[in-house]
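Read-outs throughout are calculated quantities, based only on the coordinates presented, and are distinct from any laboratory measurement. Model, not experiment: these values are computed from the prediction. All Cβ positions, even for glycine, are placed from backbone atoms using ideal geometry, and neighbour counts span all protein chains on display.
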Amino acid sequence: MDLIINEIFYSLQGETTTAGFPSLFIRLAGCNLNCSYCDTVYSRDSSSGKKMSIKDIIVTASSYKYIHHITITGGEPLMQDNSIFLMDDLIAAGYNIQLETNGSFSLKNVPARVKKIVDVKTPSCGNGKSFLMENLNYLNSTDELKFVILDTEDYNFSVDFIKKNIHSKNLVINFSPVTDNISEASLAAMIINDNLPVRLNLQLHKILWPKGEPGSHQEIR
Ligand code: SF4
């Protein structure tokens, strides 16, 4: 059973409540969206990756010592149906798995033990209506939503979405600023002033390595 893999590398998780923890990143190639602020454009095309069997991916993961946490990311991982089997097999091999997905594919078959980080795309990215609303039914208390905020329209869209659709107090909701357009402090002030139950999500990797992460990925070994 194969997948198209763009890169596998070891780094720190930069976002969400697991930010700061080391993680092995398995980036699947190909994406169905084309967000204006995409910072992994190099992975959006399926031809950007190489075919690997699930068995080989797990052998590769095991070649990294002391890995406790694996992030499955993209591109859009759920574009490839076999990503579900990869998650199943990684769990069976004893890893904690975090899935980063753009929210436009069904989460129905994602294994329950996977922590899901699910984007709700905002208007400025150009894919503002891509979120699959049924996915709200598949979120549990360990999962997180993420809204990337570029401007006031995105902010208002996100607040409105939360008020209308999120009824669980346990779900972590991340507001992530596109810092070229809206500063971290500005978004923080808006969250405080509006008394929102959301988390300011900063991209730790961009703070640590503003000129790009060491080695800049692709490692696979
Ligand atoms: S969903 Fe992610 S990988 Fe795809 S275009 Fe948007 S930011 Fe880039």
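At-a-glance table
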| read-out | value |
| --- | --- |
| Hey, F25 closer than 24 Å to F175 by Cα, surrounded by fewer than 16 Cβ atoms within 10 Å (Cβ to Cβ) and in contact with a strand residue (DSSP E or B) (Cβ under 8 Å, 6 or more places away or on another chain) or not | no |
| In region 43-57, residue farthest from the ligand (Cβ to nearest atom) [restricted to those that are over 21 Å from L150 (Cβ atoms) and not in a helix (DSSP H, G or I)] | S53 |
| Residue, surrounded by the most Cβ atoms within 10 Å (Cβ to Cβ), within region 96-113, restricted to residues that are over 16 Å from G74 (Cα atoms) and in contact with a strand residue (DSSP E or B) (Cβ under 9 Å, 6 or more places away or on another chain) | N96 |
| Filter result (over 15 Å from I97 (Cα atoms), crowded, with 16+ Cβ neighbours inside 10 Å and in contact with an Asp or Glu (Cβ under 9 Å, 6 or more places away or on another chain)) within region 55-75 | G75 |
| Some residue of region 179-193 being within 29 Å of I8 (Cα to Cα) and either among the polar types (S, T, N, Q) or surrounded by 13 or more Cβ atoms within 10 Å (Cβ to Cβ) (or both) | yes |
| Residue in region 32-42 that is surrounded by 14 or more Cβ atoms within 10 Å (Cβ to Cβ), outside any strand (DSSP E or B), more than 16 Å from the ligand (Cβ to nearest atom) and hydroxyl-bearing (S, T, Y) present | no |
| Hits in region 136-160 (condition: of a type in the set (A, V, I, L, M) and out of contact with any helix residue (DSSP H, G or I) (no Cβ under 7 Å at 6 or more places or on another chain)) | L139, L145, V159 |
| Leading residue by the ranking (surrounded by the fewest Cβ atoms within 10 Å (Cβ to Cβ)) among those in region 163-172 that are touching a residue at least 12 places away in the same chain (Cβ under 8 Å) and under 17 Å from L132 (Cβ atoms) | N165 |
| Scope region 43-54; condition under 30 Å from S124 (Cα atoms) and loosely packed, with under 12 Cβ neighbours inside 10 Å; matching residues | S47 |
| Residues of region 151-188 that turn out to be hydrophobic (A, V, I, L, M, F, W, C) and in a helix (DSSP H, G or I), as a count | 7 |
| Search result, residues across region 4-22 that are crowded, with 20+ Cβ neighbours inside 10 Å, hydrophobic (A, V, I, L, M, F, W, C) and either away from the ligand (no atom under 16 Å from the Cβ) or not in a strand (DSSP E or B) (or both) | I8 |
| Within region 143-154, tally of residues that are within 28 Å of N96 (Cβ to Cβ) and more than 12 Å from the ligand (Cβ to nearest atom) | 4 |
| Some residue of region 131-142 being within 15 Å of the ligand (Cβ to nearest atom), closer than 29 Å to I54 by Cβ and either among the polar types (S, T, N, Q) or in contact with a strand residue (DSSP E or B) (Cβ under 9 Å, 6 or more places away or on another chain) (or both) | yes |
